[in-house]
Amino acid sequence: MADLGYAAIITAFIISAYCAVAAFVAARARINELWLSARNAVFVTFGLTSLASAALVYSFFTRDFSIAYVAEYSSSDLPASYTLAGWWAGQAGSMLFMAWILSLLSVIVVVQGQRQNREMTPFVSAVLMGILAYFLGIIAFASNPLEKMPLALSEGMGLNPLLRTSDMFSHPTTLLLGFSIFTVPFAFAMAALISGRLDDWWIHSARRWTLIAWIFLSLGNLFGMVWAYTVLGWGGYWGWDPVENAAFMPWLAATAFLHSVMIQERRGMLKLWNMVLVIITYTLCLFGTLLTRSGMLSSVHAFAMGAVGPLLLALTGLVLVGSLVLLWMRLPRLRSEHRLDSLVSREASFLANNLVLLGAAFAVFWGTVFPILSDAVRGVKVGVGPPFYEQTMAPMFLALIVLMGICPLIGWRKASPENLARNFVYPLAVAMPLALTLYLVGVRPLYAVLAFSALGFVAGAILLEFWRGVRARHRGHGDSYPVALPRLVWHNRRRYGGHIVHIGVILLAMGIAASHMFSTSVEKTVAPGESIEVRDYTVTFRELKESAGSDSLRVTAMLDVSRGGNDAGTLEASKRFEGNDQQPVTDVGLRSTPQEDLYVILSGWTDDGKAILKVAVNPLVMWIWIGGGVMVVGTLIALWPDGRRGRRLPVLERVPVGGLEVGRA
Amino acid sequence: MTDRHEKSVPQTEFPKSRSGILSHKRFLVVGLIVLSALVYLGFVAFRGAAMYYLTVDELQARGDAAYEEQVRLTGMVAEGSAEKDSETNTLRFALAGEDGTSLPVVYSGAVPDAFKQGSDVVVEGSLKLTGTFEADTLLVKCPSKYEAETNSEAAGKRD
């Protein structure tokens, strides 16, 4: 099976390389037969990568420990579900997983291309298959998951116990999907540059694909946060680890693109800028793939060395330089159709949002790669820890949140005083008293007051928008209020989907700000019967319990919880030791309420039965997960296909010709 | 679909700004102000948070300059050196450098799961005049997704 799978990888590599060339030549010279052949090659490549993946999965389930990768990531007693996870648990397998997704995406693009953008699809396929061929080349010659060892092992090494959680299915898969899907908008952008057809055709497809990729990337990051918070027991959901940063940077750039693309759709501006954002986003995705595999940075995640790092670095460089050269050649065709009229306009506020988002991405980038840079330049490694990120991100995200309240409501082109008054008086009327109240009841630091009143302002602005829409439907269509709301959202999916995403962001930001600024924790060694008090919680340690499984040992601290004197149930915080090397895994004891989380880690115990417990109260954490969910739902609503094929109407033109063009320089 | 609501945000027509150049300059100025604010922010935060990433050998090579300076140190937990005092919840171990050097480290706080004798760890803290490195953060290179060390382990097991 392994040989068959490897043959499939090699063949897929050759065919995808052929396909990239054939599709390009066919598109350039307009040879239809050649395109048909290239199109078939796309389907064949998908079949072959599926076959290779199936061979890998089959080898896992048949416990074929003659394959090095299978032996490294599974063992005969590994449950079936985690055996499947072996596919993406390691570096070689995850590359195959990405290649398989990429080939599936190529099929979708080609099938869709039969209906829309017919002449452009060959260009898009050429780019996609070119990148896929590169990946398959790496898999075939530098990191083959189906590689056999001279001697079969009698037993595999098993999957690291830390990876044996349900998060192993949600987090890596969504993240890898997100990274892979960003290849598609990039391919559309490159197709536009290569073909020279730089009108709006690519931007619609690029926007939709970016939204899809953005959902997966958001989910990937969120699932990673849940994992770190509940299982890994690191005491938090985010640690500014280089690998976390690797997934966060493209998310920031993609978010910038999703906003500025609207300006191009509505106003024909920022064409060059949007190209740049697509390129940056994809380069950051490749860079992230590289970071997790190259061993360039010291991180809590350990990395594989080997030839894969340099090969991915070469691809990242190739993509960046190649796309910038293409961009340079097409510069004259990327002129804006209009110019910015006023600083007080939606366009300007979107530009500000872009500036801050990219500033944030750059700060993260700078912090992440600085150790490498300083090592190269001065020979010493200098780096920054979480304080750097916290100090830069907090003000930037505060600015972003305020902009989030302003952007969707301010008028296009040049906002009138009436427009400003209409949309912002009520939200300000919410925010000002809120700020004052927070200050007077003694909320400190001032940052917190600022953050929460900014969130109040945005929430007010969005709710006002919903209220106006509902009222208009009620009056115009005679809908009753409860019916008007879903109809309103459904008939303006993009607009209200966007608002719902913003509501999600507010909830998320609320949770992050509160849990970051107001969590309290106590670490203490307690004997049975003793308790730890944090805020109004009293956690009483009853006893330590040991339970042994077939291959595992679990030590659990049994706890009684009371809150403000009232009984609030029991809680268990445990450590389990699993697998060959008895690696401990901490299972956090978590009591989650909308108001706050009681979070207990069993960090150790003494021989005489005392437990070392870390008890923390983290306010509003649940809202981070709820907010994340709302964001995803909002994005899905905005993304839902529009039966009417209705395009956004361009903003009415009253601008004299010959205006200054912004977005060119 | 002409929703009434769509019209509720009027696209106000306003007199054109006087000159294109003027508005261009204005954007440039505002953009530059925002940009310099961002750069300043980054600079200040960076200066406050920057620290050396060193190995045990590099730290010891720094001589007297090494004391009382916040650094991030990487090394290996020397075999058999780690002992945990559960009463005070402190962990003591020796961090081994490359050529036989080692440095006593003391850390109090939650110990990551992957911590064990022989594992590669990252500590942040400072070297005290007593010669002990007081760590306030302890990270273990977690054998997660794309691990490197299994190769050597696997090689060992294959024998």
query: Is region B:124-131 home to any residue that is in contact with a helix residue (DSSP H, G or I) (Cβ under 7 Å, 6 or more places away or on another chain), more than 12 Å from chain A (Cβ to nearest Cβ) and assigned to a strand (DSSP E or B)?
result: yes
- request: Go through the residues of region A:313-332 one by one and say whether even a single one is of a type in the set (Ser, Thr, Tyr) and modelled with pLDDT of 90 or more.
  value: yes
- request: Taking the residues in region B:85-112 that are without any contact (Cβ under 8 Å) to a residue 12 or more places away in the chain and either part of a strand (DSSP E or B) or more than 18 Å from the chain's Cα centre (by Cα) (or both) as candidates, determine which candidate is surrounded by the most Cβ atoms within 10 Å (Cβ to Cβ).
  value: B:Ser86
query: Taking region A:217-236 as the search range and keeping residues that are open to solvent by 30 Å² or more (accessible area, probe 1.4 Å) and part of a loop (DSSP other than H, G, I, E, B), which one is nearest to A:Thr289 (Cα to Cα)?
result: A:Trp234
- prompt: Which members of region A:546-557 meet the condition of being open to solvent by 20 Å² or more (accessible area, probe 1.4 Å) and not hydroxyl-bearing (Ser, Thr, Tyr)?
  reply: A:Glu546, A:Ala548, A:Gly549, A:Asp551, A:Leu553, A:Arg554
- request: Considering only region B:22-54, state which residues are of a type in the set (Ser, Thr, Tyr) and facing chain A (nearest Cβ under 9 Å).
  value: B:Ser23, B:Tyr52, B:Tyr53
- prompt: Among the residues of region A:284-295, is any among the aliphatic types (A, V, I, L, M) and at pLDDT 95 or above?
  reply: yes
message: Residues that are in contact with a His (Cβ under 6 Å, 6 or more places away or on another chain) and buried (at least 22 other Cβ atoms within 10 Å of the Cβ): does region A:347-358 have at least one?
response: yes
query: Of the residues in region A:237-251, how many are in a helix (DSSP H, G or I) and either farther than 28 Å from A:Asp199 by Cβ or among the charged types (D, E, K, R) (or both)?
result: 9
query: Restricting the search to region A:479-490, which residues are within 14 Å of chain B (Cβ to nearest Cβ) and open to solvent by less than 60 Å² (accessible area, probe 1.4 Å)?
result: A:Asp479, A:Ala484, A:Leu488, A:Val489
task: Among the candidates A:Leu56, A:Leu78, single out the residue that is more than 10 Å from chain B (Cβ to nearest Cβ) and within 17 Å of A:Ser550 (Cβ to Cβ).
output: A:Leu78
task: Please find, among A:Thr174, A:Thr210, the residue that is open to solvent by 10 Å² or more (accessible area, probe 1.4 Å) and within 15 Å of the chain's Cα centre (by Cα).
output: A:Thr174
message: Criterion first (away from chain B (no Cβ under 14 Å), of a type in the set (Asp, Glu) and in contact (Cβ under 8 Å) with a residue 60 or more places away in the chain) does A:Glu578 satisfy it?
response: no
query: Is it fair to say B:Gly80 is facing another protein chain (nearest Cβ under 9 Å), outside any strand (DSSP E or B) and open to solvent by 40 Å² or more (accessible area, probe 1.4 Å)?
result: no
task: Name the residue, out of A:Asp607, A:Asp597, that is assigned to a loop (DSSP other than H, G, I, E, B) and on the phi < 0 side of the Ramachandran plot.
output: A:Asp607
message: Please go through region A:595-610 and give me each residue that is of a type in the set (Val, Ile, Thr) and modelled with pLDDT under 85, ordered by number.
response: A:Thr606
message: Tell me yes or no: at least one residue of region A:147-158 is aliphatic (A, V, I, L, M) and crowded, with 24+ Cβ neighbours inside 10 Å.
response: no
query: List the pairs whose first member sits in region A:453-481 and is in the same structural domain as A:Leu508 (by TED's automatic domain parsing), whose second member is not in a helix (DSSP H, G or I), and whose Cβ atoms are under 6 Å apart, counting only residues at least 6 apart or on separate chains?
result: A:Ala461/A:Leu409; A:Arg473/A:Asp479
query: Does A:Ser550 satisfy the condition of being outside any strand (DSSP E or B), over 35 Å from the mean Cα position of the chain (by Cα) and either of a type in the set (D, E, K, R) or farther than 16 Å from A:Lys614 by Cβ (or both)?
result: yes
query: Quick check: anything in region A:574-587 over 19 Å from A:Thr525 (Cα atoms), open to solvent by 50 Å² or more (accessible area, probe 1.4 Å) and either among the polar types (S, T, N, Q) or in contact with a Leu (Cβ under 8 Å, 6 or more places away or on another chain) (or both)?
result: yes
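The rows are residues; the columns are (1) touching an Asp or Glu at 6+ places or on another chain (Cβ under 7 Å); (2) within 27 Å of A:Thr525 (Cβ to Cβ); (3) within 12 Å of chain A (Cβ to nearest Cβ); (4) not polar (S, T, N, Q).
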position	(1), (2), (3), (4)
B:Ala66	no, no, no, yes
B:Arg72	yes, no, yes, yes
B:Leu91	no, yes, yes, yes
B:Pro104	no, yes, no, yes
message: Residues that are on the phi > 0 side of the Ramachandran plot and outside the structural domain of A:Leu78 (by TED's automatic domain parsing): does region A:541-548 have at least one?
response: no
- request: Identify all residues within region A:525-545 that are in a strand (DSSP E or B) and open to solvent by 10 Å² or more (accessible area, probe 1.4 Å); write none if there are none.
  value: A:Thr525, A:Ser531, A:Glu533, A:Thr538, A:Thr540, A:Arg542, A:Glu543, A:Leu544, A:Lys545
Condition check for A:Thr165: β-branched (Val, Ile, Thr) and more than 24 Å from A:Phe577 (Cα to Cα): no
statement: In region A:581-598, anything of a type in the set (Val, Ile, Thr) and at the interface with chain B (Cβ under 9 Å from one of its Cβ atoms) is listed as A:Val585, A:Thr586
message: I'm trying to understand the selection: among the residues of region A:491-524, which are of a type in the set (Ser, Thr, Tyr) and open to solvent by 30 Å² or more (accessible area, probe 1.4 Å)?
response: A:Ser519, A:Thr520, A:Ser521
query: How about region A:599-627: which of its residues are open to solvent by less than 20 Å² (accessible area, probe 1.4 Å), more than 14 Å from chain B (Cβ to nearest Cβ) and more than 16 Å from A:Ala228 (Cα to Cα)?
result: A:Val617, A:Pro619, A:Gly627
message: Would you confirm whether or not region A:75-91 contains a residue that is under 30 Å from A:Pro161 (Cβ atoms), of a type in the set (D, E, K, R) and either part of a loop (DSSP other than H, G, I, E, B) or at pLDDT below 95 (or both)?
response: yes
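The values are calculated or read from the model by the stated rules, or taken from the named source; none is laboratory data. Everything numeric here is computed off the predicted structure, so don't read it as measured data. All Cβ positions, glycine included, derive from the backbone under ideal geometry; neighbour counts span all protein chains shown. In case anyone asks, the SASA skips ligands and DNA or RNA and just uses the protein heavy atoms, side chains included. Shrake-Rupley method; radii C 1.70, N 1.55, O 1.52, S 1.80 Å.
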